[in-house]
C-alpha cells in the first residue's frame with residue numbers, strides 16, 4: 001500500500017539536520033513511502049539535490065516561507081505564521097495530498113494548528129496526545145500526555161474510546177485492556193472526575209480493568225495495554241519517568257567511571273550495558289499521536305535525533321496503514337449513536 | 001538530647017519481623033533514644049525478652065489489643081479499632097509520652113487516625129505527606145504525596161510554607177528553593193489552581209523559583225530543594241518513578257543474566273553494580289512525614305524491610321531534634337498574622 005507523509009522539515013530543535021537524514025532513511029527502508037518535505041525551498045533543494053534524483057517522484061519539496069520557533073505561543077503560530085512549515089505540512093493532510101504529517105515543532109503550536117486546520121471528529125470534545133512507554137511487559141500506551149490540563153469524566157471516557165481503538169488497530173489486539181490512572185486501586189480512591197470516569201468505563205463495552213497506579217506505566221503487577229489520565233497528570237508522570245531514567249543512567253555512568261579499575265570493568269561490560277541501553281532507548285519510543293482530529297498528526301520530541309525522528313515517521317506509516325483515524329471516527333460515531341438510543 | 005519514639009510494632013506488611021530488628025538497631029546506634037513498642041504485649045514480651053534486659057528503661061512495651069490491617073478503611077480503623085497498635089502509638093504522642101510515632105501501617109488509616117487524635121495546627125486547612133526522592137543533586141523533598149486528591153491554590157501555598165520550614169530545619173538550609181510542579185515552565189502553563197498558587201508564592205517571602213516539570217523530581221536542569229504538588233499528581237509522580245526504577249533494575253538484571261558470559265561479566269562488575277544500587281537504594285529514602293498536625297507522625301512504606309524501617313525511625317529522630325513541628329506551627333502563625341494585617 002503506497003502512502004504519502006508530509007514532513008515539517010524545519011521543525012524541532014535541530015531542523016533539517018535531523019529531519020532530512022531521518023526522512024531519507026525511511027524512504028530507503030520503505031519503497032511504498034512517499035514524502036513531501038515542507039520548508040524553505042532554497043535550503044531544501046540544495047540539501048536534497050542528490051536525494052531528489054535518487055528517490056525520483058517519491059520525494060517532493062513543498063515551499064513554506066516561515067518557521068514556528070520552539071518558544072512561539074500557539075496563538076502566534078496560528079495567527080502570524082500562516083506560511084510556516086508546520087502549518088503547510090498540516091494543510092497537505094487536510095487537502096488529501098498527504099495521509100499524515102510528522103513534526104518535531106513545539107507541542108502547543110502544533111496542537112493548536114492541527115486542531116484549527118483539520119478540525120475535530122464530530123462528537124469528540126477534546127483532542128488528546130497518546131504515546132507509548134517501555135514497560136517490563138513490552139510497552140504501554142498512555143494518554144493524555146498534556147493536551148488538557150483539566151478533564152471531566154466524559155473527556156477521560158472519550159480518551160479511553162479513542163485510545164482503545166488506536167491500540168486495537170496498531171497492536172492487532174482484539175480487546176485491549178484499559179486502566180484509569182489513580183492514586184490507589186480501591187474504589188474509594190481518587191478525585192470526583194476519576195470516580196465518575198470509572199463509572200462510565202464500567203458501563204461501556206471497553207475492556208476496562210479498573211484503577212492502576214503510577215508504577216503501572218512501566219512495571220505494574222499486570223500488563224495494561226492502555227492507561228488513561230488527564231493531561232496534567234499524564235504529562236507529569238511521563239516527565240517524572242524521563243527524569244528517573246536520566247538519574248539512573250547518570251548513576252550507572254558514575255559508578256562505572258569512578259576509577260581506572262571500574263573503567264576497565266565498564267569496558268568488559270560494554271556489550272551488556274549496550275544491550276541494556278538499547279532495550280530502553282527512548283529514541284525507539286519517540287512519536288506521539290494527536291487523537292480526536294480528522295487527520296493524522298504525529299508529534300516528535302523537539303530534541304529528537306535522526307534515529308528518534310525516524311521512529312516518529314515509522315509510527316505515522318503504521319497508523320496510516322492501520323487506518324487509525326477512520327476507525328476512531330467510526331467508533332466515536334457508533335458509541336454516540338448507541339448512547340442516544342432511549 | 002534524649003528523645004522517645006513510639007513504634008507501631010504490629011503495622012506494615014511484615015509486622016514485628018521488620019519493626020523489632022529495626023528498632024533494636026536504632027537503640028544500639030543512638031544511646032539517647034528511647035522506644036515505646038506498641039502491640040500485643042504477650043507477643044512483644046516474648047520476642048523482646050533479651051532486648052528488655054539489654055536496653056533497660058530505654059525500651060518499653062505498651063499493650064494494644066488490635067491491629068489495623070493493610071486494607072482496613074480509614075473509617076473502620078478509626079471507629080472500630082480504638083485499641084489498635086497504630087492508634088495507641090499516636091495517643092502516646094498526643095499525651096506527651098512520645099516525641100514522635102513511626103508506623104508502616106496503611107496510609108489512609110494512619111492519616112485519619114493521626115488527624116483525629118493529634119488535631120491540625122490552627123490555620124492549616126489540610127495535612128500533607130512529604131518525603132524525599134533521590135536526585136542527581138542529592139535529593140529533593142516533595143509534597144503532597146497523596147493525602148489530598150483535590151487542592152486549591154491556598155492548600156498548595158500552605159504546603160509550600162510547611163514544606164519549606166521542614167527543609168530549612170532538617171537540611172540546615174537558610175532559604176530552600178521551592179518549585180511548583182507543572183506541565184511546563186512558562187507562565188501560561190498549567191491549570192487554574194497551579195497558576196493561582198504561583199501568584200501566592202511569588203508574593204510570599206519563600207524562595208520560590210517558579211514552575212518545574214516532572215523530570216525535576218530526579219534530574220532537573222537546576223537543583224530544587226522542595227517541590228510542591230497536589231496529592232493526586234504527587235502520588236502518581238512518586239509511583240511512576242518507583243515503576244521506572246523497577247523497570248530499569250529488571251532490564252539491567254536481564255542484560256547481565258542473559259547467558260554464561262554475561263553472568264561472568266556481572267560477577268566482575270559486582271562491586272560497581274553494588275555501589276550503583278546503593279546510591280539509589282529506595283530503602284535509604286523510606287519515611288514520609290505528615291505535615292499540618294500538632295504532633296509528629298512518620299509513615300514507613302508498608303513493604304519496608306528492617307533497613308528501610310530503620311531509615312524511617314532515623315527520620316523521626318532528626319525531625320524531633322530539629323523541632324520541626326514547633327517551627328512549622330510558629331511559621332504558620334506568623335504567616336497568618338502577617339496576612340491579617342491591613
Inter-copy spacing of residue B:174 label points, which lie 7 Å from Cα along Cα→Cβ, given in nm from shortest upward: 6.8
Shielding by other protein chains, B:157-165, mean Cβ within 10 Å: 0
Structure-based [θ]222 nm, chain A - -39500 (n - 2.57) summed over DSSP H runs of at least 4, per residue, nearest 500: -16000 deg cm²/dmol
Highest to lowest packing among A:3-10, A:228-235, A:205-212, scored as the average C-beta count within 10 Å: A:228-235, A:3-10, A:205-212
Using a 7 Å Cα-to-Cβ projection, residue B:250 label spacings across copies, nm, ascending: 2.5
Cα gyration tensor shape of the range B:125-284, rounded if a/c is under 1.5, else prolate or oblate by comparing a/b with b/c: prolate
For the range B:176-271: Kirkwood Rh in Å [reciprocal of mean 1/r, alpha carbons]: 15.9 Å
Peptide-level mean, for A:273-280, of C-beta atoms on other protein chains within 10 Å: 5
Anisotropy class of the range B:63-138 from Cα gyration tensor, a/c 1.5 cut: prolate
Tail weight of P(r) past 41 Å, computed on alpha-carbon pairs of the protein assembly as shown, percent: 35 percent
Volume per residue that the Cα convex hull of the range B:105-180 spans, once the total is divided by residue count, Å³: 122 Å³
Neighbouring partner chain Cβ atoms per residue of B:261-272, average, 10 Å criterion: 4
Alpha carbon centroid spacing (whole Å) that separates the range B:43-58 from the range B:217-260: 39 Å
Residue of B:164, B:23, B:204 that the Gaussian network model of chain B assigns the largest fluctuation, springs spanning Cα pairs under 10 Å: B:204
Inter-copy label distances at residue A:28 (7 Å, Cα→Cβ; nm, one decimal): 6.3
Rel. contact order, % - alpha carbon contacts under 8 angstrom, at least six apart, the range A:125-282: 28 percent
Stokes-Einstein translational diffusion, the range B:72-220 - Kirkwood Rh over all Cα pairs, 1.002 mPa s, 20 °C, in µm²/s: 126 µm²/s
Shape call, the range B:190-236: gyration tensor on alpha carbons, a/c limit 1.5: oblate
Whole-percent pair-distance distribution, where bins are 5 Å wide, for the alpha carbons of the range A:1-143: 2, 10, 18, 20, 19, 15, 10, 5, 1, 0
Relative contact order for chain A, counting Cα pairs under 8 Å that sit 6 or more residues apart, in percent: 22 percent
Hydrodynamic radius of the range B:1-47 per Kirkwood, over alpha carbon pairs, in Å: 11.0 Å
Debye log10 I(q)/I(0) at q = 0.06, 0.09, 0.15 Å⁻¹ for chain B, Cα point scatterers: -0.23, -0.51, -1.24
Alpha carbon centroid spacing (whole Å) that separates the range A:128-195 from the range A:68-123: 25 Å
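Values quoted throughout were computed directly from the atomic coordinates according to the rules given, and no laboratory measurement underlies them. All values derive from a computational prediction rather than experimental measurement. Don't worry about glycine lacking a Cβ; one is built from the backbone with ideal geometry, like all the others, and counts go over all protein chains shown.
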